[in-house]
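What follows is a single structure, written as structure tokens, with notes after it.
Please treat every number below as a calculation from the coordinates, not as lab data. Note that this is a predicted model, so its numbers are computed, not measured. As a convention, Cβ positions derive from the backbone with ideal geometry for all residues, glycine included, and neighbour counts pool all protein chains shown.
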Amino acid sequence: MLDRVSDERVSPASAVHEVKEQAVVIEAVWFMVVGALLILMAVMRGVISRLPMTGAMVYLAAGFALGPAGAGLLEPDIEGNLRLLRVLTEAGLVVSLFAIGMHLRVPLSNELWRLTLRLAGPAMILTIGLVYVAARFGLGLASGPALLLAAILAPTDPVLANELRVCKAGDDEPLRFALSSEGGCNDGAAYPFALVALALCGSASPGSGNPWTFAAAIAWGVVSALVIGWGLGSGVVRLVIRLRTRYRQALGLEGFIALGLMALAYGAALLVHGYAFIAVFAAGVSLRRQELAATGKTSPSKALESVERGEREEAARDPELAHAYMAETMMAFALEFERLVEFALMLLIGSVVSAHWRALLHWRVIWPALFLFFVARPLSATISLAGSCMDRPQRLLAGWLGIRGVGAFYYLLFALEQAGGEHVRPIAPIVLATIVLSVVLHGSSATSLLHRYFANRGSR
């Protein structure tokens, strides 16, 4: 009798112990899986770059395998953790936009920036219009959800476009520059269209009740973001360089400076209702502009090639090298951080797809994505780039290589947070299907198309 009572008393503790042991095992497996994936991608990076695939494809597949349809180690609860997921995705975009801005080492008077304006302006607006018509009349969606879908899918992605991005600071190849700078601008440029769509869905936004006040809010959002980003980028660089060259202070920790500038620009723009993504991109461009003005025609990498590892602190204090050293070090940090962001966010998106994969298999979900890839984006880019410095093959490639991914996922989360599930749930499978198809179709074709393109031109 006493033995039975004793057993009954021990069993709850035993159950708790088993739960704890299981949690430890899952945690250990998680560390091992993440570690193995990171090492695998580092080791196989050269092989993957020669194959018709990208790192994003590997991460997406891994996320799917770890999700509910696979091992069940990742079981995302979007609505339960909506704000957290949105902030994490937002932070990832901020890092990527800053890194892109720092790559664009071209004077603002250069005609390449006109390509940016064409793609981030007319091309994106035409894409939104075409997708809206397809969603409104092809899918039978109401005006609000139809415009919301178009606004979510219109901007190209800055995070997943590593294969398309300029190779180094100062790269002025038109196709790479256009695609890179477009990805840096249009996440912010899509924001007012998302606000209009959310207003149509019943979610109030600044000035949405009156066309004139809304137009003023848009103008303020763009201008204030540009001023804040440019001002902070220039101001922080000048402050740090002055401290280093005159007082031998503020040496090292470029990663802290980079993250601090990103956060400062983003937060300041949000505080005044500016378009914060544009502010971060402008901060990166401004920082690079300061380096260009100081270093001149000599590329920063060439200016620093004679600097030995033990002489880095001396280079940071040298008035002739300080700008180049600071810019290149901050950019290297941002790129490494961005790769981790891509890894984490694509694992997350893959797990979300794993939880809802059956909803993505319907033709009604797939055809809007194909319409975007094969009709809306190519047509919009071709029309907008007509008469530009890009020739026909470049315009065709720019029309095809408009990858969607983390940016679309962010706007999906943003819409869920602002408008709730009633208006957003019908379009969520389309957004997820578009991301998956874009990662696969654009990722598998980008490497071969770009290799052929550069081979025909005798350049890289």
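Listed values, structure above:
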read-out	value
With eigenvalues of the C-alpha gyration tensor scaled by 5 and rooted, segment 129-267, Å	37, 21, 12
Amide N proximity, segment 427-460 versus Arg50 label position 7 Å along Cα-to-Cβ, cut-off under 20 Å	444-456, 459-460
Value of relative contact order over segment 331-460, rounded to a whole percent, pairs C-alpha under 8 Å and six or more apart	28
Inter-probe distance in nm under a simple model that places probes 7 Å from Cα toward Cβ, at Ser445 and Leu117	3.0
Cα centre as origin, Lys/Arg/Asp/Glu Cβ charges: the chain dipole, Debye	1360
Amide N proximity, segment 252-285 versus Leu340 label position 7 Å along Cα-to-Cβ, cut-off under 19 Å	252-264
Coil-residue chymotrypsin sites (Phe, Trp or Tyr not before Pro) of segment 218-296, DSSP, other Cβ within 10 Å capped at 12	none
Burial ranking of peptide ranges 443-453, 100-110, 143-153, 363-373 (average Cβ count within 10 Å, highest at the top)	143-153, 100-110, 363-373, 443-453
Cα→Cβ-extended label distance, 7 Å offset, between Ala36 and Ala455, nm	3.6
For the chain: relative contact order, % (alpha-carbon pairs under 8 angstrom, 6 or more apart)	27
Contour excess over end-to-end distance, with Cα ends at Ala215 and Glu27 and 0.36 nm allotted per residue	62.7 nm
Projected label distance in nm at Leu82 and Arg242, using a 7 Å step from Cα toward the beta-carbon	4.6
Spatial separation of Cα centroids for segment 268-300 and segment 393-414, in angstrom	23
Rg(Cα) / (2.2 N^0.38 Å) computed for the chain, rounded to two decimals	1.06
